[in-house]
Amino acid sequence: MAHDLHAALTSLGIHNHHRLLLNVPANASSDASLAIVTSPTTNAPIAAVRLDDEKSYEETLARSAAAFKKWREVPAPVRGQVVRAIGDEFRTHKDALAAIITAEVGKITSEARGEVQETIDIADFAVGLSRQLYGLTMPSERPGHSMREQWLPLGPVGVISAFNFPNAVWAWNAMLAAVCGDTVVWKPSLLAPIIAIASNTLAQRVASRFGHEDLFTLVMGTDQLIGERFIADKRLPLISTTGSCRMGRRVGEVVSKRLGRSLLELGGNNAAIVHEDADLDLAARAIVFAAVGTCGQRCTTTRRLIAHESIVDQLLAKLSKTYQSVRIGDPAREGTLVGPLVNARAVEGFEHAIASAKQQGGTVLVGGGRASVAGLSGHFVQPTIIRAPANNQLPIAREETFAPILYVFTYRDIEDAIAMQNGVDQGLSSCIFTRHAGIAERFLSPAGSGSDCGIANVNLGTSGAEIGGAFGGEKDTGGGRESGSDSWKAYMRRQTCTINFSGKLELAQGIKFE
Ligand code: UN1
């Protein structure tokens, strides 16, 4: 494991990075300037990283602000060429980056590669976008006047990312920000600092080749010392954050107090509705990936199954069979489908949720405890299915537990299923399985009375979104949109321009002021 990490870092040429200590010093745990990275798979320390202090934080922010002034002068399509080369760099090093993700957060190889692919995809998307940062023109009400809007670079953008998508979520923000003319200051999760160092170094190395220093910078540290300073920092007009609802509330509060902009992509509590006419084999396969993939640690993970009462038993039989055959183990090994949870706290959260569910009348159908994997003392758990009591009351299912637990509810009437799906605080992703076009359209009703989530899928799972769509959700999910569609607008400022070429001064709204 550590060997793979070292080999990956060496192949990227960053094993000597000043922040990275691959031999963890004996006193590291008592040194506040270091964070230790522990393998979720072996529970052994694999590295320590050097954190920022006030002084290095200040230097980084000043460098990013200075770089912004230069970068914004570069024409957007030329900025796109830099991003194109960055995408190529990620393409070249896809396997090494995936190996770091696997070592550091325990994501299985195939999903880790998929994550880096998202980074490559968003870079491609951003390159195209660099020629399409379109503003509108609009007719002026006055003769001899024209009106248009233009989109301008915003400033250094602050990006806060979570451990679970430690490379792609940064890239969603950073690649768009870069073509928009912004610089990026990234504060990664301290559970995933190595991939942050690697990704940032690769991107910046390419930018430097083009003569642009400090487009991509990193700050690392605890919430108290660095996090709070970061979100309150007026030099960052936008803070884009991915993480828990609790963290997002704090970011939203502090950023709005200084009248900054925040882009919040917070927790989900995603449901799959399976209607009576659904293709159950297809639904079962999609649900297993969405509920169990990434060991239940995606914000898009399916956490609730809302199944029609006429097919629930049949569907559960299929799910149980697959769940029992899913191989849990070393995420770096081929054939493993479920790696470990990220740390011991996550295992406690998993156990707490299961105990609560039992207490609330839920029945554990599959899994329900820790899993042991020969030779590894990491944080392995069993993918778990819990059936709610017949009255569908199971309060714990309203919470997002970052673990592979699927709660099962039943319905008779599709209206009840939609109400149940919407009946939680979060609103990220949702899906329905049905062959009936009318039921699917009801779920997507243009009146807004169907799914209340930012993502609503038909005949596929809640997770695994493509980068081309806007990603994010409503209610406690925070309302932000990242990645595709017109999410780029969050990284620019809009300017409305009216030009008078009539030679006369005429006021709007017919006002006379003479
Ligand atoms: C996240 O979990 O924060 O849709 C992002 C998905 C991935 C992204 C997840 N493309 O599951």
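Quick look at the values:
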read-out	value
Failed item in (1) surrounded by fewer than 24 Cβ atoms within 10 Å (Cβ to Cβ); (2) not in a strand (DSSP E or B), with Thr217 passing the rest	(2)
Subset of the stretch 480-511 [under 30 Å from Trp172 (Cα atoms) and not in a strand (DSSP E or B)]	Gly480, Arg481, Gly484, Ser485, Asp486, Ser487, Trp488, Lys489, Ala490, Tyr491
Residue list for the stretch 254-288, restricted to those being part of a strand (DSSP E or B) and within 9 Å of Thr434 (Cα to Cα)	Ile273, Val274
Hits in the stretch 432-456 (condition: polar (S, T, N, Q) and away from the ligand (no atom under 16 Å from the Cβ))	Thr434, Ser445, Ser449
Options Asn23, Asn43, Asn27, Asn16: the member that is closer than 20 Å to Lys107 by Cα and not acidic (Asp, Glu)	Asn43
Any hit, the stretch 85-98, residues being of a type in the set (Phe, Trp, Tyr), at negative phi and either surrounded by 20 or more Cβ atoms within 10 Å (Cβ to Cβ) or in contact with a helix residue (DSSP H, G or I) (Cβ under 6 Å, 6 or more places away or on another chain) (or both)	yes
Verdict on Glu348 being part of a loop (DSSP other than H, G, I, E, B), more than 16 Å from the ligand (Cβ to nearest atom) and out of contact with any helix residue (DSSP H, G or I) (no Cβ under 8 Å at 6 or more places or on another chain)	no
Selection within the stretch 353-395 - among the polar types (S, T, N, Q) and within 23 Å of Ser39 (Cβ to Cβ)	Ser372, Ser377, Gln382
Test result for Thr401, within 16 Å of the ligand (Cβ to nearest atom), more than 26 Å from Ala126 (Cβ to Cβ), of a type in the set (S, T, N, Q) and assigned by TED's automatic domain parsing to the domain that holds Val338	yes
Residue selected from the stretch 235-250 under the condition among the hydrophobic types (A, V, I, L, M, F, W, C) and surrounded by 24 or more Cβ atoms within 10 Å (Cβ to Cβ), by the criterion farthest from Leu428 (Cα to Cα)	Leu236
The lone exception for Ser485 - which of (1) among the small types (Gly, Ala, Ser); (2) surrounded by fewer than 18 Cβ atoms within 10 Å (Cβ to Cβ); (3) within 16 Å of the ligand (Cβ to nearest atom); (4) in the same structural domain as Gln314 (by TED's automatic domain parsing) it fails	(4)
Wholly enclosed helices (runs of 4 or more DSSP H) of the stretch 51-137 bearing at least 2 residues in the same structural domain as Asp486 (by TED's automatic domain parsing) and under 26 Å from Ile36 (Cβ atoms)	54-71, 94-105, 109-129
Residues of the stretch 466-477 classified as out of contact with any Cys (no Cβ under 9 Å at 6 or more places or on another chain) and either buried (at least 22 other Cβ atoms within 10 Å of the Cβ) or not small (Gly, Ala, Ser) (or both), total	4
Options Ala397, Ala346: the member that is closer than 28 Å to Phe433 by Cα and not acidic (Asp, Glu)	Ala397
Whichever residue in the stretch 457-478 is polar (S, T, N, Q) and within 11 Å of the ligand (Cβ to nearest atom) and, among such residues, is nearest to Phe443 (Cα to Cα)	Asn457
Leu34, sole failed condition from (1) crowded, with 17+ Cβ neighbours inside 10 Å; (2) free of Cβ contacts under 8 Å to residues at least 24 places away in the same chain; (3) within 30 Å of Gly135 (Cα to Cα); (4) not hydroxyl-bearing (Ser, Thr, Tyr)	(3)
Search result, residues across the stretch 103-117 that are of a type outside the set (A, V, I, L, M, F, W, C) and under 10 Å from Phe90 (Cβ atoms)	Gln117
Test: residue in the stretch 422-431 that is touching a Leu at 6+ places or on another chain (Cβ under 8 Å) and more than 13 Å from the ligand (Cβ to nearest atom)	no
Members of the stretch 266-314 found to be of a type in the set (Val, Ile, Thr) and either farther than 29 Å from Arg250 by Cα or away from the ligand (no atom under 16 Å from the Cβ) (or both), listed by number	Ile273, Val274, Ile287, Val288, Val292, Ile306, Ile311, Val312
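The values are calculated or read from the model by the stated rules, or taken from the named source; none is laboratory data. What you are looking at is a predicted structure, and each value in this text was computed from that prediction instead of being measured. Note that we place each Cβ from the backbone using ideal geometry, even for glycine, and neighbour counts take in every protein chain shown.
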